[in-house]
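Only one structure is covered here, and it is reproduced in the block below.
The values are calculated or read from the model by the stated rules, or taken from the named source; none is laboratory data. Bear in mind that the values here come from a model prediction, so they are computed numbers and not experimental data. A quick note on method: Cβ atoms are made from the backbone with ideal geometry, for glycine too, and the neighbour counts reach across all protein chains shown.
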Amino acid sequence: MIHEGQGVLRRGPSVEDARAVCVLLHGRGRSPDDVLSLAERIGDPEVAWVAPAAADNSWWPGSFLAPFAENEPWLSSALGAVDTLLHSLAVDRSRIVLGGFSQGACLASEYALRNPGRYGGLLLYTGGFCGPRGTVPPRIGSFEETPVYMGTSDPDGWVPLWRVQETSSVLSALGAVVELDVFEGMDHLVNDAEIEAGRALLSGCG
C-alpha cells in the first residue's frame, strides 16, 4: 500500500472527549501541519483534529481529472488509507467531519461518494470528485441530510468550477444539504468566509 504507515497528526481533545472529530486531508505538496492551520483558524476547542500524511506529500501523481488508470494504484491506496483511518477512530460516522483542501478535498469528495452515509459533515475547500469530464460517480446510498460546505475560486488553476458544481449536484441528489460559495478571482487558498462557514458547520456537529 503506497500510503501505509504514514504519520497522522492530531490536535485538540481526544477523540473520546471531543464533541466532533474532523479529519482533514492535505493538498498536493503540502503536509498535515499545513492543513491543520485550518484547524487553528477555525479554532473550535471541542473538536478533535486528525490529519494523515500522504507518501511524498501527494495522494496521487496526476491531475484529479485524469483517467482513473493514470492515478492507480495511488488513488486506491489513498482511499484505503482514509477508510482505515476513519474506522480506527471508533466513533459513529455522524460525529465525523471529513474535509480537506485542493487535492485533499478531491480525495474527501471521492471517498464520500464511494461511501455515502450520515456524516457529521463534509468540508470541501476547492475540490471535487475524481475522473475526466463525463465521469458519472456512484449514485447508490444516501447522505441522509449530511451538511456539506463547498468553497472555491473562479477561475482556479487546478480545480475547475464545473467539477465543483457537478460534485455539489451529485451530493445534493444523494440527500446531502450542500452550501456552495464561489469567489471570483480568489487565489488558490481558503479565505476567511470559508473558515467561518467551516466553523458554523462544525458547531452544529456532535
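In contact (Cβ under 8 Å) with a residue 60 or more places away in the chain, over 9 Å from the mean Cα position of the chain (by Cα) and farther than 22 Å from VAL15 by Cβ: is that true of SER102 in this structure?
Details: in contact (Cβ under 8 Å) with a residue 60 or more places away in the chain: yes; over 9 Å from the mean Cα position of the chain (by Cα): no; farther than 22 Å from VAL15 by Cβ: yes.
Criteria not met by SER102.
Just for strands (runs of 3 or more DSSP E) wholly inside segment 96-206: which have at least 1 residues that are hydroxyl-bearing (Ser, Thr, Tyr), in contact with a Leu (Cβ under 8 Å, 6 or more places away or on another chain) and under 19 Å from ALA51 (Cα atoms)?
Values: elements: 96-101, 121-125, 147-154, 177-184.
Hits in segment 96-206: 121-125, 147-154.
Does segment 61-78 hold any residues that are farther than 11 Å from CYS106 by Cα and without any contact (Cβ under 8 Å) to a residue 60 or more places away in the chain, and which are they?
PRO61, GLY62, ALA69, GLU70, ASN71, GLU72, SER76
Are any of the residues in segment 45-54 over 22 Å from LEU201 (Cβ atoms), in a helix (DSSP H, G or I) and at pLDDT 95 or above?
In the first step, residues of segment 45-54 are kept if they are over 22 Å from LEU201 (Cβ atoms); the result is 53-54.
Then keep just the ones that are in a helix (DSSP H, G or I); that gives none.
No, there is no match, as no residue in segment 45-54 is over 22 Å from LEU201 (Cβ atoms), in a helix (DSSP H, G or I) and at pLDDT 95 or above.
Name the one entry in GLU166, GLU194 that is of a type outside the set (Gly, Ala, Ser), closer than 12 Å to LEU123 by Cβ, at pLDDT 95 or above and surrounded by 15 or more Cβ atoms within 10 Å (Cβ to Cβ).
Numbers: GLU166 fails: closer than 12 Å to LEU123 by Cβ.
Testing whether each residue is of a type outside the set (Gly, Ala, Ser), closer than 12 Å to LEU123 by Cβ, at pLDDT 95 or above and surrounded by 15 or more Cβ atoms within 10 Å (Cβ to Cβ) leaves just GLU194.
Please list, ordered by first then second residue, the pairs with beta carbon atoms under 6 Å, 6 or more apart or interchain, first in segment 172-189 and within 10 Å of VAL148 (Cβ to Cβ), second of a type in the set (Lys, Arg).
So the pair list comes out empty.
What pairs can you find where one residue is in segment 28-47 and hydroxyl-bearing (Ser, Thr, Tyr), the other is part of a helix (DSSP H, G or I) and modelled with pLDDT under 95, and their Cβ atoms are less than 7 Å apart, with a gap of 6+ or different chains?
From residues that are hydroxyl-bearing (Ser, Thr, Tyr), the pairs are SER31/ASN57.
Of the conditions (1) surrounded by 14 or more Cβ atoms within 10 Å (Cβ to Cβ); (2) touching a Pro at 6+ places or on another chain (Cβ under 9 Å); (3) among the hydrophobic types (A, V, I, L, M, F, W, C), ILE140 fails just one. Which one is it?
(1)
In the list GLY62, GLY12, GLY7, which residue meets the criterion of being within 25 Å of ASP156 (Cβ to Cβ) and out of contact with any Leu (no Cβ under 8 Å at 6 or more places or on another chain)? Please lay out each step first, then the result.
Working: GLY12 fails: within 25 Å of ASP156 (Cβ to Cβ); GLY7 fails: within 25 Å of ASP156 (Cβ to Cβ).
Going through GLY62, GLY12, GLY7 in turn, the sole match is GLY62.
Test of understanding: among PRO45, PRO52, which residue is touching a strand residue (DSSP E or B) at 6+ places or on another chain (Cβ under 6 Å) and not polar (S, T, N, Q)?
On the way: PRO45 fails: touching a strand residue (DSSP E or B) at 6+ places or on another chain (Cβ under 6 Å).
From the options PRO45, PRO52, the qualifying one is PRO52.
Any idea how many residues of segment 19-44 are surrounded by fewer than 20 Cβ atoms within 10 Å (Cβ to Cβ) and assigned to a loop (DSSP other than H, G, I, E, B)?
Looking only at that region, the number is 6.
Identify all residues within segment 66-84 that are buried (at least 17 other Cβ atoms within 10 Å of the Cβ) and of a type outside the set (Val, Ile, Thr); write none if there are none.
Filtering segment 66-84 down to residues buried (at least 17 other Cβ atoms within 10 Å of the Cβ) leaves 71, 74-75, 77-79, 81-82.
If the condition is that a residue be buried (at least 17 other Cβ atoms within 10 Å of the Cβ) and of a type outside the set (Val, Ile, Thr), then ASN71, TRP74, LEU75, SER77, ALA78, LEU79, ALA81 are the ones that fit.
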